[in-house]
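> Dropping a structure here in structure tokens format, bear with me for questions.
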Amino acid sequence: MRLKAHPVRSLSGRARPPGDKSISHRSLIMGALAHGETTVRGLLEGADVLNTAAAMRAYGASVEALGDGCWRVVGRGGLKEPIAPIDFGNSGTGARLTMGAAARFPILSIFTGDGSLSGRPMARVLDPLRTMGAQSFARAGGRLPVALQGKAGLAPLAHAPQIASAQIKSAILLAGLGAEGRSEILEPKRTRDHTERMLKAFGASIAESECPSGGWRVSVEGPASLYPAPVTVPADPSSAAFPAVAAAILAGSEVRLEGVCLNPLRAGLYATLRDMGAALTVLAQTDSAGETIGDLLIRGGGLRAVSPPAARASDMIDEFPILAVACAFAEGTSVLTGAEELRVKESDRIALMVNGLRACGVEIEERPDGMIIEGKGAGGVKGGAVIETHGDHRIAMSFLVLGLAAQNPVIVEDADMIATSFPGFSAFMAGLGADIRVDA
Ligand code: S3P
């Protein structure tokens, strides 16, 4: 499906973005690992999470939609061997976290995925799991399909990944639940901690501390059983980023996004938008099921260029594409760095943003770990291009947002994948005054 975004004057209104993808995956996986019934409210019913739901069924859990985003997961206190390969679709989180969860049971699992997921590196998870005692076979370069033979009574692991990745950390923590002793991860930079928060709520013993040598240490005590705790999934700050930036680049806009997860390890984009001079306030802040949530109020106009610290990259790793769009509408030169991981996300997001922004009339220099963007100021981006997304949902949404504020409409090829993380995106945006239509 091709979508076309037409320029509009401004956006206004209030709405709740869909549930958080990271927390949704985790709630299903931990619910399946736990003994008994877990209730999840506000689950993201996007394709990625639905694949994880199907995966947990294949491992023997009962996973049922009760309606209105409310789900019931009944876990057996462990995973049973699936009888067929499991397809994780487009989702690195679903595949990598499940590898960790399955590694500690004496079962064979075959992991498959779509073209994008099959090109993404899995050795970063399979190597540490192998050190713990789980065997695996993968295509060259550690790509899917992967066969993973788990083992009861894994060896505990102390691991210091080179990459700051919540997926690596989470896989090891989930495997560590089945290890004989304490498993520890030393992250080069602290990453999103939803796994730690949820594991604590499900009764696991997790310790965290800052390292004197830099970095962040997280450990789990094994062997451990999980016990169900209710999960309320807040709205996804990575999805809220699209209407938030759309409002910020359109002068005269006023948009309120409700119930958004304000976890500081996910808030890098919002800190950066403030650095750019965006009028962004948090209202109705409260704590909900282990996460801080609040409403984001964004008023449009007057963005200036920004060069966020590289250390902030992991706090906004999924938001770089839409941040690049914000920079295109800012006054001045923005330098985005520290984001080499973008090369191995659902697509090479640096290359696709550079190509797309250039096609829309923005001067941009590609760097190995980011880009330098010559901002055109409000109303200064030409648009009028047809954008290739390589099936990447965040690239598609970023350029549709750009089209709303550009001088000419923007067409996005291959926009179906938006449903992996933001089902109903066009209708959601239309509710705020956007004009995004199917292009025949
Ligand atoms: C995620 C972690 C991030 C992020 C992904 C979701 C998670 O990946 O890009 O969309 O839920 O743990 P990395 O941890 O590999 O950077």
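> Using the Cα centre of the chain as origin and beta-carbon charges of +1 (Lys, Arg) and -1 (Asp, Glu), tell me which of 103, 297, 117 is placed farthest towards the positive end of the dipole.
The one lying farthest along the dipole's positive direction is 103.
> For segment 21-223, with only Lys/Arg (+1) and Asp/Glu (-1) charged at the beta-carbon, what is the dipole magnitude about the Cα centre, in debye rounded to 20?
260 debye
> Assuming R0 = 51 Å, what is the FRET efficiency of residue 135 and residue 2, from their Cβ-Cβ distance, to the nearest 0.05?
That gives a FRET efficiency of 0.70.
> Divide, for segment 148-242, the radius of gyration over alpha carbons by 2.2 N^0.38 Å, where N is the residue count.
Ratio of Cα Rg to 2.2 N^0.38 Å: 1.14.
> Rank by packing, highest mean first: peptides 417-426, 343-352, with packing defined as the count of other Cβ atoms within 10 Å averaged across residues.
Result, highest mean Cβ count within 10 Å first: 417-426, 343-352.
> Where in segment 181-199 does the label zone of residue 158 land, with the point 7 angstrom along Cα→C-beta and an amide N cut-off under 15 Å?
181-187
> From the protein chains alone at 1.4 Å, what is the descending order of accessible area for 291, 331, largest first?
Ranking 291, 331 by accessible area, largest first, yields 331, 291.
> So what's the gap between the Cα centers of segment 160-188 and segment 367-440, to the nearest angstrom?
When both Cα centres are located, 35 Å separates them.
> Per residue, how many Å² of accessible area does segment 306-440 show with a 1.4 Å probe?
Value for segment 306-440: 32 Å² per residue.
> Give the carbon-plus-sulfur fraction of the accessible surface of the chain in %, rounded to a whole number; probe 1.4 Å, heavy atoms of protein chains only.
51 percent
> What ³J(HN,Hα) values, in whole Hz, does the Karplus curve 6.51 cos²θ - 1.76 cosθ + 1.60 give for segment 164-175 when θ = phi - 60°, with x put for Gly and Pro?
Per residue, the Karplus-derived 3J(HN,Hα) values read 7, 9, 5, 5, 4, 4, 5, 4, 5, 4, 5, 5 Hz.
> Moving to a separate point now. So, with +1 on the Cβ of K and R and -1 on the Cβ of D and E, and no other charges, what is the size of the charge dipole of the chain about its Cα centre, to the nearest 20 debye?
Dipole magnitude for the chain comes out near 340 debye.
> Run the simple label-point estimate for residue 430 and residue 12 please: 7 Å along Cα→C-beta, distance reported in nm.
2.1 nm
> Take 292, 191 and sort them by solvent-accessible surface of the protein heavy atoms, 1.4 Å probe, largest at the top.
These residues rank, largest area first, as 292, 191.
> Shape of segment 193-251 from its Cα gyration tensor (a ≥ b ≥ c, root eigenvalues): rounded if a/c is under 1.5, otherwise prolate when a/b > b/c, or oblate?
oblate
> I'd like to compare 19-30, 136-147: which one has the highest average count of other Cβ atoms within 10 Å, and what's the full order after that?
My ranking of the peptides, most packed first, is 19-30, 136-147.
> Under the Kirkwood approximation applied to all pairs of distinct alpha-carbon atoms, what is the hydrodynamic radius of segment 92-140 in Å?
Here the Kirkwood hydrodynamic radius works out to 11.2 Å.
> Taking the C-alpha atoms of segment 257-383, how large are the radius of gyration and the largest Cα-Cα span, Dmax, in Å?
Gyration radius and largest Cα-Cα distance of segment 257-383: 15.0, 45 Å.
> Related question: Taking +1 at the Cβ of each Lys and Arg and -1 at the Cβ of each Asp and Glu, which of 6, 425, 128 sits farthest along the dipole of the chain towards its positive end, judged by Cα position relative to the Cα centre?
Of 6, 425, 128, it is 128.
> Could you tell me, in Å, what Rg and Dmax come out for the Cα atoms of segment 21-223?
Rg, Dmax (Cα atoms, Å): 15.6, 48.
> Would you please give the residues with an amide H less than 5 Å from that of residue 181, counting only those at least 5 places away or on a separate chain, with H modeled from the backbone geometry?
222
> Shape call for segment 33-153 from the C-alpha gyration tensor, a ≥ b ≥ c root eigenvalues: rounded (a/c under 1.5), prolate (a/b greater than b/c) or oblate?
Because a/c hits 1.5 or more and a/b fails to exceed b/c, segment 33-153 counts as oblate.
> Given 0.36 nm per residue, what is the gain on full extension from residue 84 to residue 66 after removing their alpha carbon distance, in nm?
Here the segment from residue 84 to residue 66 would lengthen by 3.9 nm.
> Now for a different question. Going by a ≥ b ≥ c, the root eigenvalues of the Cα gyration tensor, does segment 347-392 fall in the rounded group (a/c under 1.5), the prolate group (a/b larger than b/c) or the oblate group?
Since a/c reaches 1.5 but b/c is at least a/b, the shape of segment 347-392 is classed as oblate.
> Per residue, how much accessible area does segment 21-223 have with a 1.4 Å probe, in Å²?
35 Å²
> Cα centroid distance between segment 314-357 and segment 211-231, in Å?
31 Å
> Under a point spin-label approximation (7 Å from Cα along Cα-to-Cβ), what is the residue 211-residue 279 distance to one decimal in nm?
Taking the simple label geometry, residue 211 and residue 279 are separated by 4.5 nm.
The values are calculated or read from the model by the stated rules, or taken from the named source; none is laboratory data. Computed from a predicted structure; not experimentally measured. As a convention, Cβ positions derive from the backbone with ideal geometry for all residues, glycine included, and neighbour counts pool all protein chains shown. Side chains are part of the model used for accessible areas, which takes the heavy atoms of the whole protein and leaves out ligands, DNA and RNA. Shrake-Rupley method; radii C 1.70, N 1.55, O 1.52, S 1.80 Å.
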